[in-house]
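Visitor: The structure follows.
The values are calculated or read from the model by the stated rules, or taken from the named source; none is laboratory data. Here the structure is a predicted model, which is why all the values come from computation and not from measurement. Every residue, glycine as well, gets a Cβ built from its backbone with ideal geometry; the counts of neighbours run over all protein chains shown. When the accessible area is computed, the model is the full protein with side chains, heavy atoms only, and any ligands, DNA or RNA have been set aside. Shrake-Rupley method; radii C 1.70, N 1.55, O 1.52, S 1.80 Å.
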Amino acid sequence: MAIAHDQKFAAQLGDGKGLAQTVADVKDANKRGALHFAAREGQTEVCKFLLEELKLDVDTKDEDGIPYLDGETERVLFGMKSRIEKVTSLLGEESNVVRTVAIWGLGGIGKSTLARAVYLQIEDQFEVSCFLHEVGEVSKKDGLRSLQQHLLSKTLGEKDLQIENDMNGIALMRTRLRSRRVLLVLDNVDSSEQLENLAGSHEWFGPGSRIIITTRDRKLLLVRDEVQIHKASVLNHIEATELFCSKAFNDMCPPKDFKKLSDQVIYYSGRLPLALEVLGSALNHEDLDVWKDSLQKLREVGPNGGILEKLKIGFDGLDGSVQNTFLDIACFYSGRKEECVTRILASFRFYPYRSISILIHKSLLHRSHDCVYMHQLIRKMGWYIVRQNFPRQPWKHSRLWITRDVERVLIRSMGTENIEGIVLSRERNVLDPHARQYTIEVATEAFRKMTKLRLLEIHNTCIPKGPDYLPDELRWIVWDEYPSNYLPTMFEANNLVGLRLRWSRLRQLWEGRTIQQRVDTDLYSQSRKDFLLSAKFELPLLTKE
């Protein structure tokens, strides 16, 4: 976007002209550039007008995959301007040095939002830029190599770039980025290894580069002398009121009848941006009685009480299918491609398109790069809901995703009818893909009592013996390296919708068994080293003749 266009558009906004007149007057400006500028300046109404002018959806993203206007961008209006100025002043304007600034603070305080706002404001000053979302979470799930690959592909413009391992990624960054002026954001870093592999030294980047880190762990920063730290703080009362009211009333201040209730909700929220956003969204369009009930719940937690209990109020008002969608994403699918998530959730009849839309509206979920994400605290709130009644008895939980809990239940055959979903996924060994996988001895009768089990996923774990029994309620099965030559004989599979048995020993599904529904299948044989089937077929085609 041309700087002249920025200045002209800014001047028009500063003069206080009407939206239609402003857009009409800036005839020589690229409207998409004006849209991007307005988003960075927090001009929400201008953004909405331009989106309508350009006939774009509100979720339309820029080239970096970031929506022009969403809940995160709107927060720029509420207490972010002074914070942005503090961070940009730490970043400085020197063109011949590399600088790193870390935004440190507790969860839910707005670290990622602040980093994103700064990124949007200054990215056009750099040759290349990249925002790496949820670094800690992604590195645990997909390995640091995947983050290095995304960073290099984005900054070098090479979509097909391949990295062999972490060390190869470091070498490529050191040699190919050292001449480029880079803006890099590392969001939610939680280990020194992530910093060492993604921004190990200022020498990796060209003169004038800037690195922004967000983290809850100050110790990670103390060992790096070149890092300047900005401590994130809660909103003041005016900022908190504006943010809360924007969600609860779509306005900057509460109606007269709700003024006292609003002040109390803000007080008990601790003025944390995430809590204000979730609580305000939960109370939007609700009557006084619902407000009073919600306030009573907040009083029971107290102003210094756990944020998870405060966030849970946003969950309590959801209907059954939306609650189930929320819990499945919190436990299993945060960070996954939305297309994949909706396909799986649809098989459970959770109406995922409607449910995901509601969760986004309620500030419990957000989209980025075609994936669905939950804030770490919101995910923990979901885990808390699943585990709260029986924290030390995982066999009584509806969902199992923590490795030690899954192994305990499967090894000891402790399953019950409470369990609806199981995902066992160990971290990949990205340094040695051929390394021997972790092995557990699962009882062949382990699934016998799980009569309500609808989801089963097993990744990166070797289980020597296959099950003698699988529940008929299963709708989605993903089992890498399935150990048996066939599925259990008594498994009716009448509800089965998705089947993924990659690199398995499977030779046939059943002996002389057929079912009629269509199933999304993806089957590979490890023993025969060949591809068996990957398409939607009716399962009679897969059965033994």
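Visitor: Evaluate segment 258-266: report whether one residue or more is modelled with pLDDT of 90 or more, over 19 Å from HIS375 (Cβ atoms) and not in a helix (DSSP H, G or I).
Guide: No: zero hits.
Visitor: Shifting gears a bit: Can you tell me which residue in segment 119-137 is nearest to GLY107 (Cα to Cα), limited to those that are touching a His at 6+ places or on another chain (Cβ under 9 Å) and buried (at least 19 other Cβ atoms within 10 Å of the Cβ)?
Guide: By that ranking, first place goes to HIS133.
Visitor: With the structure loaded, tell me whether LYS154 is part of a helix (DSSP H, G or I), under 22 Å from ARG426 (Cα atoms) and open to solvent by 20 Å² or more (accessible area, probe 1.4 Å) or whether it fails that test.
Guide: Against the criterion (part of a helix (DSSP H, G or I), under 22 Å from ARG426 (Cα atoms) and open to solvent by 20 Å² or more (accessible area, probe 1.4 Å)), LYS154 does not qualify.
Visitor: Would you mention how many residues in segment 102-118 are closer than 19 Å to LEU195 by Cα, buried (at least 23 other Cβ atoms within 10 Å of the Cβ) and not small (Gly, Ala, Ser)?
Guide: Residues meeting the conditions: 3.
Visitor: Here's another thing I want to ask about it. State which residue pairs qualify: first residue open to solvent by 40 Å² or more (accessible area, probe 1.4 Å) and inside segment 402-419, second residue of a type in the set (Lys, Arg) and outside any helix (DSSP H, G or I) in any location, beta carbons under 6 Å apart, and separation of 6 or more residues or different chains.
Guide: GLU417/LYS452
Visitor: Among the numbered criteria (1) of a type outside the set (Asp, Glu); (2) in a helix (DSSP H, G or I); (3) buried (at least 23 other Cβ atoms within 10 Å of the Cβ), which one does SER146 miss?
Guide: (3)
Visitor: So, one more: Any chance segment 89-100 includes a residue that's buried (at least 22 other Cβ atoms within 10 Å of the Cβ) and either modelled with pLDDT of 90 or more or in a strand (DSSP E or B) (or both)?
Guide: Yes, that holds for at least one residue.
Visitor: On to the next question. Any residue that is in contact with a helix residue (DSSP H, G or I) (Cβ under 6 Å, 6 or more places away or on another chain), assigned to a loop (DSSP other than H, G, I, E, B) and either within 29 Å of GLN323 (Cβ to Cβ) or at pLDDT 90 or above (or both) - is there at least one of those in segment 449-472?
Guide: Scanning segment 449-472, I find no residue that is in contact with a helix residue (DSSP H, G or I) (Cβ under 6 Å, 6 or more places away or on another chain), assigned to a loop (DSSP other than H, G, I, E, B) and either within 29 Å of GLN323 (Cβ to Cβ) or at pLDDT 90 or above (or both), so the answer is no.
Residue-by-condition table, conditions (1) in contact with a strand residue (DSSP E or B) (Cβ under 8 Å, 6 or more places away or on another chain); (2) under 23 Å from CYS253 (Cβ atoms); (3) not hydrophobic (A, V, I, L, M, F, W, C):
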site	(1), (2), (3)
ASP263	no, yes, yes
LEU298	no, yes, no
ASP319	no, no, yes
GLN323	no, no, yes
LEU327	yes, no, no
ARG343	yes, no, yes
SER357	no, no, yes
HIS361	no, yes, yes
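Visitor: For segment 225-241, which positions are crowded, with 18+ Cβ neighbours inside 10 Å and of a type outside the set (Val, Ile, Thr)?
Guide: Within segment 225-241, HIS230, ALA232, LEU235, GLU239, ALA240 meet the criteria.
Visitor: Regarding GLY314, is this residue more than 17 Å from the chain's Cα centre (by Cα) and surrounded by 20 or more Cβ atoms within 10 Å (Cβ to Cβ)?
Guide: In short, yes.
Visitor: If LEU220 satisfies every condition in (1) modelled with pLDDT under 90; (2) assigned to a loop (DSSP other than H, G, I, E, B) but one, which is the exception?
Guide: (2)
Visitor: Next up: Consider PHE258 carefully, then state whether it is surrounded by 14 or more Cβ atoms within 10 Å (Cβ to Cβ), farther than 30 Å from ASP190 by Cβ and touching a Pro at 6+ places or on another chain (Cβ under 8 Å).
Guide: Spelling it out, it is not the case that PHE258 is surrounded by 14 or more Cβ atoms within 10 Å (Cβ to Cβ), farther than 30 Å from ASP190 by Cβ and touching a Pro at 6+ places or on another chain (Cβ under 8 Å).
Visitor: If you go through segment 184-204 one residue at a time, how many are in a loop (DSSP other than H, G, I, E, B) and either of a type outside the set (A, V, I, L, M, F, W, C) or within 11 Å of THR100 (Cα to Cα) (or both)?
Guide: 7
Visitor: Quick one: which of ARG367, ARG404, ARG349, ARG379 is part of a loop (DSSP other than H, G, I, E, B), modelled with pLDDT under 95 and not hydroxyl-bearing (Ser, Thr, Tyr)?
Guide: From the options ARG367, ARG404, ARG349, ARG379, the qualifying one is ARG349.
Visitor: Quick one: what pairs do we get from segment 207-233, first residue touching a residue at least 60 places away in the same chain (Cβ under 8 Å), second among the small types (Gly, Ala, Ser) and open to solvent by 70 Å² or more (accessible area, probe 1.4 Å), C-beta under 7 Å, 6+ apart or different chains?
Guide: Filtered contacts from segment 207-233: PRO207/SER95; GLY208/SER95.
Visitor: Within the bounds of segment 480-503, is there any residue that is on the phi > 0 side of the Ramachandran plot, in contact with a strand residue (DSSP E or B) (Cβ under 6 Å, 6 or more places away or on another chain), at pLDDT 80 or above and in a loop (DSSP other than H, G, I, E, B)?
Guide: Yes, the conditions are met somewhere in segment 480-503.
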